[in-house]
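Quick notes on the structure that follows.
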Amino acid sequence: MANQSQSGASRLSFSVSTAQRPDFKGKLVAHVFDANGTLIERAPVNNGKLELKSTKRDAQLPRVLIAPEIENEADCGEDEIGVERLLKLGAYEPVLRRRGGVLDRIVIPGQVLDIWPFCFCWVRGRVIRASDNLAVCNARVHICEVDRLPWWILRLPDRDALRLRDDLLEIIKNPPIPVPQPPDPIDGPRFIDPGSLQGFNPQPDPPIFDPQVALRFAEQAAEPGIQARALAQTASIDISAELQSQLLSNSAATVRNALSENWRLVAPWLCIWPHWWWRFRCDEIAVVDTDGYGNFERLIIYPCQGDHPDLYFWVEYDLGSGFETVYRPHIGCNTYWNYDCGTEVTIRITDPRVPACDPEPPLQGKQVVVKSIGRTVAVREVGGDGLANGTAPFGHALEPRVDFGREALIASGIPYYRWSYRRRTGPDGTTPDVGPWTPMTRSVYRHYKDGTAYPSDVMGPMPTTGPGAAPEENLFRIRPVDSPSGEEWVVLNERVDLATAYFDTHTLPGNPEYTDGVGWSDDLAAGLYELKLELFDNAGNLVHDWAAQGIDLRITDQDAPFGTGTITTSPAPVSNQLISAGHIDGFRMLVRVDNNRCSAQIHPIAGDVTPDADCGFHLYDSGDDAGLSFTARHPNEFATYQFGTGRGTGSAIAIASTSGTVGQADGNGFGAGAGFLYAKDVPVAAMLGACPNAAFWERLDVRAMATNGYSTLTGYNAADNAAFALAQPCPDHGPDDV
């Protein structure tokens, strides 16, 4: 019998059956919502009975969603689970009104019981700055669950479902081909910051994407042309005849179901089309703060028998006037599909305003740790030939990074340092050409916090007269323990706040110059250079015999870029010790400098075919060869080349394409001749394939190996494009032909 309320109205009461799955023994609870979606009560299902406070006289029956009981719900970050969240979790919503009355028995379908009960998923991660991998404290991380792709597709309106079908079929029919990347402007290099790449955010074993393709997706934000190359590698889709028939159906329902069941065909393109017409919905399920080490964690709920949740993260930070969004990348490229519970998510903040927890903890004792050139080349990776990892020279502005045991050094009367350089060889890297020592004099700054502002303090070169005067020219201060404001030092820009000096190799006498109609001259300043770091006392005297002074010179044991793990150090090897009179007087290293620009030129087709330099339309006979040739030049061979020839809009033809290191022998029959010329005679039949006549494209890319310690100097690259056609001669016509 129904219970009576004080007003005499009958309360809602139901029997609840799980008989379709007799083995189900889980505890159930009903979540009751009003017409506005506000939770008005929770009630347990006891012994197959559900009693609610709501009455039959209510103006409108409430919404009742039945779901497994969540033990220790207080440990979960989802403080109040709403209607949509419960439905996405797999809760069951019965239809309470039937034939004008209210039903009294709820039968939960077996398909629903099959995905119960609910489980907890441990979500954990760390927020760091992309520029230096330092932790970000007190950030506010929003954890959101993204609509699952099959669920999202099934709910698309007819028009959008058909549009999604049409776009997918177009990609399958006409897969993208590589778009030639225009050469970089001649006025200088373009630097790609790896830390700024905010495309696909991979996790271990992504459920959809190949890791290498995912990396290319990520790079599309910074490198023109990478998008097309990534698409070309993923566009080879083979669909069954049955699926093709379903997709070509005029029924939106058939198309929608086919897309939902084959959602993995759709998924890769959602990242590639960030400005496409669709939008994902992202339901926020928890908000957490990072601790003193940048870490965050939270338990969330998901159906034990279903897929793991698809999670997306965005971040806010209080920069002094309330929380502002500092990280909110595109959902399609940064969702952790089928998140592997417990896997650490690393969020890299690129907003330069966000400070780190402790940007540079003081070293203990009088340590000097020379870490790297820029972010990506550790000292240990630079050999005696001055090359990074035995292959890459250095160019443009080099920024040595050093950690000083500043408290101990300054307290012992050693507050200054100085970097200098001298030339050791000519451009070829071997011919001796020893120059004088020259101090690096570009100004070095450090930012610090002062209330809600971030002023900077100059570290040098310090003046020799007036406030802050140094006893000798071109001395730089070891960063003091305390900032001028007494607040923390911060790293706003790694190129400013982490560099201890700037070796501006691109301004050395003899650097390349550009002349209209001629191009770039060779780099006469190229060669092997020696760098040294020295310390000075309060009186400006050079500090001799570091070991006797208790100064410990060290380098890292790990290669750069340095990750989130522990980075250890060891005493600097002899090759990095500046020795004088048998004692260590500083640090030294050799770097090979080369700011040469590459050259790329595709030459007209030659060989047996008829010449046609103007129009590029060549006639051939059976058995003819087409002579392909190009020039890929770098004066000191510090570059790679890639040459491709393709038919129509197709991919490169293997026999007519090649790649390698400039100046070295080719492995595909393109003989390396004088002047960096590569040439090969290719049978016309092999190029035409089944076509009697065809048009061809040619693309040559020559890429410099030089690095500035952050990325390769793509502004030193060169490229060229060409096209031609091969055709059979027209048959001769006699005088009687019409």
At R0 = 30 Å, FRET efficiency that the Cβ-Cβ distance of residue 167 and residue 241 yields, to 0.05: 0.90
task: Would you mind getting me the FRET efficiency between residue 496 and residue 249? Use the beta-carbon distance for r and R0 = 41 Å, nearest 0.05.
output: 0.10
- request: Tell me the label-point distance for the pair residue 324, residue 513, using the 7 Å Cα-to-Cβ offset, in nm and rounded to one decimal.
  value: 4.5
- prompt: What does the convex hull of the alpha-carbon atoms of segment 498-554 project to on average, in nm²?
  reply: 6.9
field: Percent of Cα pairs exceeding the 21 Å cut-off, where the set is segment 564-711
entry: 58
- line: For segment 345-462, the Cα gyration tensor yields equivalent-ellipsoid semi-axes (√(5λ), largest first, whole Å) of 31, 20, 16
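Can you check what the Kirkwood hydrodynamic radius comes to for segment 474-521, Cα pairs only, in Å to one decimal?
14.8
How big is the shadow of the Cα convex hull of segment 457-606, averaged over all directions, in nm²?
Working: hull surface 65.5 nm².
Mean orientational projected area (segment 457-606, Cα hull): 16.4 nm².
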task: Kindly rank 430-437, 327-334 from highest to lowest mean number of other beta carbons found within 10 Å of each residue.
output: 327-334, 430-437
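Quote to one decimal, in nm, the extra length available between residue 566 and residue 621 on full extension: 0.36 nm per residue of separation minus the C-alpha distance between them.
Separation in residues times 0.36 nm, less the Cα-Cα distance, equals 13.1 nm.
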message: If you consider only alpha-carbon coordinates, what radius of gyration and Dmax does segment 554-632 have, in Å?
response: 28.0, 77
task: Could you pull out which residues in segment 395-420 have an amide N less than 17 Å from a spot 7 Å beyond the Cα of residue 443, following the Cα-Cβ vector?
output: none
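Order 29-38, 363-372 from most to least packed using the mean count of other Cβ atoms within 10 Å. Don't jump to the answer; show the numbers that get you there.
On the way: 29-38: 15.5, 363-372: 19.8.
Top to bottom by mean Cβ count within 10 Å: 363-372, 29-38.
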field: Pair residue 61, residue 464: separation of 7 Å Cα→Cβ label points (nm)
entry: 9.4
task: Calculate the spin-label point distance for residue 84 paired with residue 107, positioning each point 7 Å from the Cα along the beta-carbon direction, and give it in nanometres.
output: 3.3
- prompt: What is the extension gain from residue 601 to residue 422, computed as 0.36 nm multiplied by their sequence separation minus the C-alpha to C-alpha distance, in nm to one decimal?
  reply: 60.9 nm
task: Could you rank the peptides 283-290, 410-417 by their average count of other C-beta atoms within 10 Å per residue, with the highest value first?
output: 410-417, 283-290
field: Contour excess over end-to-end distance, with Cα ends at residue 575 and residue 524 and 0.36 nm allotted per residue
entry: 15.7 nm
task: Measure out, as a whole number of angstrom, how far apart the alpha-carbon centroids of segment 682-724 and segment 99-169 sit.
output: 44
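Where a number appears in this text, it was derived from the coordinates with a stated rule and is not lab data. As the structure is a computational prediction, the values presented were derived from the model and not from experiment. Neighbour counts run over all protein chains shown; Cβ positions are idealised from the backbone, glycine included.
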